[in-house]
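A short worksheet on the structure shown next.
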Amino acid sequence: MAERIGYFGDYRSKLGESPVWDDRTGTLRWIDGLSVFADEGLILGADVDGRSLDPIRCPKAIGAIGLAEDGFVASLTDGFYHIGRTGQAHRLAFVDAEDGAMRFNDGKMDRAGQFVSGQIEKIKKDKKFCGTWRLDARGEVVKLVDGIHMQNATCFSPAGDILYFADTHEGLIRVHAYNPGSAVLGDRIGTIDCRPYNSDPDGATVDSDGNIWVALVFAKALACFSPDGKLLRHIELPAPYPSCPAFGGENMDRLFITTVSDSGRLVKSDHPEAGRIMVIDGLGAKGIPETRWAGTPAQVSA
């Protein structure tokens, strides 16, 4: 069956990112990382038919979300928060943002229910660098990686023993052994090179066969790579600046892709569909239901 590309819902984000399918409610959730509310973030949503859900406002700029019981875990400017479905915010862990020099940018829940999110450097300050952080079920954080300037493409193998992530402007996705019980990131065991395809990597997800689907943000395309980095598919997209894919739908066989209309930095488009969510059917691939955070806000005091 040939793939069919269309649009999902009518909402247009400025900086659409971090889509996640909630298999319990049959809804897609994503964020607008540059919403109309200035320093506040928005968690957006739509039901299975694309009808918009009420947006959830977060108290600070938002980088990424994962599912939690009765809400979401979000990486905001100064750390990790639990955001309830009606907008209640409970800080789980503080992460220093160096007086605005950095913010969180991309993240995913690992298969053990811990949230991994990385930062982006906004202002060069005393040679400080961003990092990749993990929040566990107790609300404790550990820095897995240092020296990151712009984290993207964060995702995990089906077994949860491999972490993929990119320092975007390298043009490469790093492949590391991953142990959710260890405070140290495992050895680098591979590299996926996006440079031959005319784009840095943005967001990414993994299908049930372990293949990695990557948004080629500057190439108006989506790429699928095998775990060893071989290009399996390259799909041109109708809207510019695809930012992050996520599998969902009743059978986990639809691929949703957020897009960007105005990032406030490098990316801006006046394309009539910029900022909308694209959806691809007929790929012949299925995703993996997202793991929920293993903790609860009542277990954590920050």
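Here are some notes:
- Semi-axes of the equivalent ellipsoid for the chain, computed as √(5λ) from the eigenvalues of its C-alpha gyration tensor and ordered from largest down, come to 25, 22, 20 Å.
- Highest-MSF residue in the chain out of 291, 27, 86 [GNM, Cα springs under 10 Å]: 86
- Nonlocal amide H pairs with residue 106, under 5 Å, H built at 1.01 Å: 118
- Quotient of Cα Rg and 2.2 N^0.38 Å for the stretch 185-238, N being how many residues it contains: 1.12
- For the stretch 228-250 versus the stretch 73-93, the gap between their alpha-carbon centres in whole angstrom: 28
- Modelled spin-label separation between residue 298 and residue 96, with each label point placed 7 Å from Cα along the Cα-to-Cβ direction: 3.5 nm.
- Here the chain is assigned +1 on the Cβ of each Lys and Arg and -1 on the Cβ of each Asp and Glu. Its dipole about the Cα centre then comes out at about 360 debye.
- Peptide ranges 77-83, 158-164 listed from the most packed, as the mean C-beta count within 10 angstrom indicates: 77-83, 158-164
- Listed residue pairs exceeding 18 Å between alpha carbons, taken from 14/220; 108/143; 220/268; 60/122; 108/268: 108/268
- If the chain linking residue 169 and residue 27 were pulled fully straight, counting 0.36 nm for each residue of separation and taking away their Cα-Cα distance, it would gain 47.9 nm.
- Take the Cα of residue 48, step 7 Å toward its Cβ, do the same at residue 177, and the gap between the two points is 4.2 nm.
A short reminder: the numbers here are calculations on the coordinates, not readings from a lab. Values in this document were obtained by computation on a predicted structure and should not be read as measured data. Ideal geometry is used to build each Cβ from the backbone, glycine not excepted, and the neighbour counts take in all protein chains shown.
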